Amino acid sequence: MQRLRYSYHMQLNFEEPVREHHFKLRCFPSSDERQKIFNEYINIYPTHFSSAEKDSFGNMCIYGAANQTHDHFSVDVKGEAEININGQLKVEAYKAGIFKYETNLTKAGNNIREFHRTLEPSALYTSNFERAKYFMNVLYDEFSYVQGVTGIFTTGEEAFTIRSGVCQDYAHILLALCRLERIPCRYVAGMIPGEGATHAWTEIYDEGKWRLLDPTHNRECDDTYIKISSGRDAQDCSINQGVFYGGGRQRQEVKVIAEKV
Amino acid sequence: MSVLSIENSYRLLWLGRYSERVYTGLRSFAEKFDSMTGASDSESKRDFTKNYCFDKDNPESIHYSLLRAYDNAIVLRDEIGSDTFSYIQLALYEMKKAESSAAPLLQLQKIIDNIVAFWGMADDRIEDENIRGIIKLGKRIERVDLYARMNMSNEDLRREVRRLSYRIARTGLTYDKDALAEMNILVGANNINRSEVVRLVESLI
Amino acid sequence: MINEELYEHSESVNELLARYGVKFGIYKNGVFHEQLFPFDMIPRVIEKDEFEFLERGLKQRVKALNEFINDIYHDKKIITDGVVAEEFIYSGSGYLVQCDGISPPKNIFTHIAGIDLVQSKNGEWFILEDNLRVPSGASYPMIARELCRRSFPEEFEKYHVEDNRNYAEILSRTMSYVNTGGLSVILTPGRFNAAYFEHSYLAERTGARLVTCEDLIVDDEHLYFIDYSGKRERISDEYLDPVNFNRESLIGIPHIFDIYSKGNVALINAPGNGVADDKGIYYFVPAMIKYYLGEEPILNNAPTYLPYYDKDKQYVLENFDKLVIKDVAEAGGYGVTFGNKLSKQEKENFIALIKSEPRRFIAQEVIDFIDIDIYDNGQAVPRKADLRAFVLMSDEPVVWKSGLTRFSRNPDSFIVNSSQGGGFKDTWVMKE
């Protein structure tokens, strides 16, 4: 058992005042077989109303609105997580079906397909997990971690073409490779110590459960990974969606702290 | 009283205003057209007809006003009913016919007929008093505005301000009561400050 | 059998339709036009027995489709049992992952279904398409009947024609059945939508408010309509036009989906139901009927092949010239290719495309469907026509005793869509 303390802070600063701001936030770790959340504290400012719900992937969301004029909007989420590395994320096969198929962000184009053709045949691997780990290894050798060359809308194929990107891109490409072989796999957004921002990794369906791989670090996830949400790709896990009037240019500050207790 | 959106209450008001603009515009056009006989050559008469009646890109033209009435009416079908709506649609078909007619004035009369039928139908068929009231209010506001601008007689203008005052109090819309009172005082004068009347009537709602 | 003098009123009835603004919208080169929908006076007549047969088949089909959608967004048994290929669900555009796990009020996803049928020359009916997302068109025969009755009410009595002017009532019943306590409204994207006439006419006839996104607001956990004095009325149900309602984002009415998933508003038709009207899923409907209802399908599909399956692909390639190929992503008569109309080069390219993207196409036998007479320049001439039947769901599915009969004005064409220049007829269902 590993106990971690986490805090997620996000602030949007608007150049011009905004009003009728409707938001939907997805930045709240919740308990499952692998992690237990304690002492959770959530503050969203400003709000006129807010309400909690789970989305269709089971991620905890808070939606609401801030009607009055404001020039910044902030979210603070704090708490403690206890990670049990042996906790199994069980899932019935029929629920994993949707994760076999490509999305816009995880669609393999010519470059990923070309790369896939150069790889060892799948028959050499006995399980989905071993196969995905092999993909992760070869991807790690092929790809470089470079900040600032990709954005949140960059597809796996686009990142692969320039062979560089960040954690989101690593995850998308690994998902694209797995999905070419119809291996169910999903995208995970979360927090790990020492990053300062949110991190992304993947879960691979293997005989009735999800198993975790972090392609950015080319390793299986240990007991320092706090999951926030999962979905087919980064879009399903978007932390903040919103519409509002006014605003002009906006600046986003994000600060994530995760540390062992 | 049924529920009416802000958007639709404005649309009703403007439907009233534009239908009045078409009606009064056509009537004054007929007078002007008549007085132009012999004054100049027939070409300027044709130009005048074209610009004033048919040019749908000219915001001063009757065709333009009718199209705006249609724009409002078509999105109000559920409020005013298909029967009432149909007269604005018919007026628009007549406008298109008149445009290509050798004797446009004869066709234009049919537009007047349809506008009058539209008002009659609105009065008769729309059950919701509120909806009827807002259309009429639009018509009254527009008429005061037009009469003030067009130098109609003081007596006519006074009568229209009276009718507007009576109407506006009966709709549920909020309006500027001071502006209405001031307008009533203004039209009592022998020399009516017409541009001030126009300013006030436009500031009512 | 019908008094032919009636046909001579064709022009005056069309004039009446014009005066009431019975139009549909169409974009040509990016510019919006309102177009009249030409009406033909010769009705399509369906005998009582025959309609009863169609009614049974349509109810059965819509029940199965509704079961299917509920299953797909919950237990997915039909996939696990291998009846429907998973790929057609998850990689089709109709499946909305956001709907997974959501149960709409009364578990109805298919409130209004527009099922397109054709009758072949030997009298057999075939289902061509199920339309569950935006099944518009009922307003046209509704108002046409209204206007025809003005000219000759006695004919309808004399021939014992079922009265079809109850569509608004059936629709109101469907809306009230799922109403969660509040106003019923009809949401329209606005007057520049192809079906705007329908939206506004149905609002007028059902007494529901016609609203656009701007009129509605989600506050707390409910949806409200803001009236002109700023007062709020709670909304519980609406006729949603999902094509223009971007469910992928918060654009439209922010949070409407959130409160929908909590059961605080009913949306008609239910988001996500497009998973069942996909052209690829159509292939599986007869199997669905057997699977969910344990019954034999009463109405048949047109014989259809999925190149996705090797056996079917083989057939399609061997019989290409006699098939019609449809792109599953297209609608409104677009993306339809007749094998025998292609040049040699076009055919080769098309076959290559089918081989590379087999999931994208379905192929069907061309049904030589019956011609129906239309009145054209003073004489009756035969034209291809289909029938859109409307099935509305409340506690039970109800089939509207009429329908939209569309015909092609071009004698050589099988495509009857209004956007492709077709016209429409009234559909007379006989009482005896």
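Might you check whether a residue that is farther than 30 Å from C:Tyr224 by Cβ and buried (at least 21 other Cβ atoms within 10 Å of the Cβ) occurs anywhere in segment C:165-174?
So far as segment C:165-174 goes, no, none of its residues is farther than 30 Å from C:Tyr224 by Cβ and buried (at least 21 other Cβ atoms within 10 Å of the Cβ).
Residue-by-condition table, conditions (1) more than 19 Å from A:Gln235 (Cα to Cα); (2) small (Gly, Ala, Ser); (3) touching a residue at least 24 places away in the same chain (Cβ under 8 Å):
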| position | (1), (2), (3) |
| --- | --- |
| A:Phe73 | yes, no, yes |
| A:Gly79 | yes, yes, yes |
| A:Asn84 | yes, no, yes |
| A:Gly87 | yes, yes, yes |
| A:Ala96 | no, yes, yes |
| A:Leu105 | no, no, yes |
| A:Glu114 | yes, no, no |
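If you take the residues of segment C:90-100 that are surrounded by fewer than 21 Cβ atoms within 10 Å (Cβ to Cβ) and in contact (Cβ under 8 Å) with a residue 40 or more places away in the chain, which of them is farthest from the other protein chains (Cβ to nearest Cβ)?
C:Ser93
Considering only residues that are part of a helix (DSSP H, G or I) and surrounded by fewer than 18 Cβ atoms within 10 Å (Cβ to Cβ), which ones fall in segment C:12-26?
Answer for segment C:12-26, where residues must be part of a helix (DSSP H, G or I) and surrounded by fewer than 18 Cβ atoms within 10 Å (Cβ to Cβ): C:Ser12, C:Glu15, C:Ala18.
For segment C:271-321, enumerate the residues that are among the charged types (D, E, K, R), farther than 15 Å from C:Asn66 by Cα and crowded, with 22+ Cβ neighbours inside 10 Å.
Residue satisfying the conditions is C:Lys279 alone.
Could you tell me whether any residue of segment B:134-152 is surrounded by 13 or more Cβ atoms within 10 Å (Cβ to Cβ), more than 29 Å from B:Cys53 (Cβ to Cβ) and not assigned by TED's automatic domain parsing to the domain that holds B:Arg11?
Scanning segment B:134-152 turns up no residue that is surrounded by 13 or more Cβ atoms within 10 Å (Cβ to Cβ), more than 29 Å from B:Cys53 (Cβ to Cβ) and not assigned by TED's automatic domain parsing to the domain that holds B:Arg11.
For segment A:4-37, give me the residue count where each residue is of a type outside the set (Asp, Glu) and more than 21 Å from the chain's Cα centre (by Cα).
Total satisfying the criteria: 7.
Any idea which of (1) closer than 27 Å to A:Asp236 by Cβ; (2) in contact with a helix residue (DSSP H, G or I) (Cβ under 7 Å, 6 or more places away or on another chain); (3) small (Gly, Ala, Ser); (4) modelled with pLDDT of 90 or more is the one C:Gly94 doesn't satisfy?
For C:Gly94, the exception is condition (4).
Of the numbered conditions (1) within 23 Å of A:Glu207 (Cα to Cα); (2) in contact with a Phe, Trp or Tyr (Cβ under 6 Å, 6 or more places away or on another chain); (3) away from every other protein chain (no Cβ under 14 Å), A:Tyr101 satisfies every one except a single condition; which is it?
Here A:Tyr101 clears every test but (3).
Just give me the residues in segment C:180-212 being closer than 30 Å to A:Ser51 by Cβ, touching a helix residue (DSSP H, G or I) at 6+ places or on another chain (Cβ under 9 Å) and either at pLDDT below 80 or surrounded by fewer than 22 Cβ atoms within 10 Å (Cβ to Cβ) (or both), in sequence order.
C:Thr180, C:Pro189, C:Gly190, C:Thr212
Let me spell it out: the conditions are (1) polar (S, T, N, Q); (2) buried (at least 21 other Cβ atoms within 10 Å of the Cβ); (3) not in a helix (DSSP H, G or I), and A:Thr154 meets all of them except one. Which number is the exception?
(2)
This table checks each residue for (1) more than 14 Å from chain B (Cβ to nearest Cβ); (2) touching a strand residue (DSSP E or B) at 6+ places or on another chain (Cβ under 7 Å); (3) more than 19 Å from C:Glu146 (Cα to Cα).
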site	(1), (2), (3)
C:Glu157	yes, no, no
C:Val161	yes, yes, no
C:Arg165	no, no, no
C:Arg173	yes, no, yes
C:Leu202	no, yes, no
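Residues of segment B:166-178 being surrounded by fewer than 16 Cβ atoms within 10 Å (Cβ to Cβ) and part of a helix (DSSP H, G or I), which ones?
B:Tyr166, B:Lys177, B:Asp178 - these are the residues of segment B:166-178 that are surrounded by fewer than 16 Cβ atoms within 10 Å (Cβ to Cβ) and part of a helix (DSSP H, G or I).
Being in contact (Cβ under 8 Å) with a residue 12 or more places away in the chain and part of a loop (DSSP other than H, G, I, E, B) is the filter here, so list the residues in segment B:145-162 that pass it.
B:Met150, B:Asn151
Please verify whether A:Glu203 is assigned to a strand (DSSP E or B) and among the acidic types (Asp, Glu), treating the condition exactly as stated.
Yes, satisfied.
Residues of segment A:205-261 being acidic (Asp, Glu) and either over 25 Å from A:Tyr101 (Cα atoms) or buried (at least 22 other Cβ atoms within 10 Å of the Cβ) (or both), which ones?
Listed by number, the residues that qualify are A:Asp214, A:Asp222, A:Asp223, A:Asp233, A:Glu253, A:Glu259.
Consider A:His22 carefully, then state whether it is under 28 Å from C:Lys262 (Cα atoms), touching a Pro at 6+ places or on another chain (Cβ under 7 Å), surrounded by 15 or more Cβ atoms within 10 Å (Cβ to Cβ) and not small (Gly, Ala, Ser).
Yes: the conditions hold for A:His22.
Among the residues of segment C:111-163, write down those that are of a type in the set (A, V, I, L, M, F, W, C), within 20 Å of C:Tyr7 (Cβ to Cβ) and in a loop (DSSP other than H, G, I, E, B).
C:Phe152
Does segment B:51-71 contain at least one residue that is within 16 Å of the chain's Cα centre (by Cα), in a helix (DSSP H, G or I), away from chain C (no Cβ under 14 Å) and in contact (Cβ under 8 Å) with a residue 60 or more places away in the chain?
no
To keep it simple, each residue is scored yes or no on (1) of a type in the set (Gly, Ala, Ser); (2) in contact with an Asp or Glu (Cβ under 8 Å, 6 or more places away or on another chain); (3) buried (at least 19 other Cβ atoms within 10 Å of the Cβ).
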| residue | (1), (2), (3) |
| --- | --- |
| C:Ser10 | yes, yes, no |
| C:Lys28 | no, no, no |
| C:Val31 | no, no, no |
| C:Glu34 | no, no, no |
| C:Glu52 | no, no, no |
| C:Leu58 | no, no, yes |
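Just the residues that are surrounded by fewer than 18 Cβ atoms within 10 Å (Cβ to Cβ), touching a residue at least 40 places away in the same chain (Cβ under 8 Å) and of a type outside the set (Asp, Glu), please, taken from segment C:60-84.
Scanning segment C:60-84 gives a single hit, C:Val83.
Which of the numbered conditions does C:Gly82 fail, given that it passes all the others? Conditions: (1) in a helix (DSSP H, G or I); (2) on the phi > 0 side of the Ramachandran plot.
Condition not satisfied by C:Gly82: (1).
Those residues that are within 24 Å of C:Asn107 (Cβ to Cβ) and part of a helix (DSSP H, G or I), I need them from segment C:168-201; list them, please.
C:Glu169, C:Ile170, C:Leu171, C:Ser172, C:Arg173, C:Thr174, C:Met175, C:Ser176, C:Tyr177, C:Val178
Only one of B:Ser86, B:Ser44 is within 14 Å of chain C (Cβ to nearest Cβ), assigned to a helix (DSSP H, G or I) and of a type in the set (Gly, Ala, Ser); which?
None of the others qualify; the one that does is B:Ser86.
Looking at the structure I just gave you, is A:Ala66 within 14 Å of chain C (Cβ to nearest Cβ) and surrounded by fewer than 18 Cβ atoms within 10 Å (Cβ to Cβ)?
So A:Ala66 fails the test.
So which of B:Lys32, B:Lys97 is in a helix (DSSP H, G or I), more than 22 Å from B:Glu127 (Cβ to Cβ) and within 13 Å of another protein chain (Cβ to nearest Cβ)?
Only one candidate passes the filter, namely B:Lys97.
Where in segment A:49-133 are there strands (runs of 3 or more DSSP E), lying wholly inside it, with at least 3 residues that are not assigned by TED's automatic domain parsing to the domain that holds A:Val256?
Because the criterion is at least 3 residues that are not assigned by TED's automatic domain parsing to the domain that holds A:Val256, no strands (runs of 3 or more DSSP E) in segment A:49-133 meet it.
The values are calculated or read from the model by the stated rules, or taken from the named source; none is laboratory data. Owing to the predicted nature of the structure, the values given are computational and were not obtained by experimental measurement. Here Cβ is always computed from backbone atoms with ideal geometry, including for glycine, and neighbour counts include all displayed protein chains.
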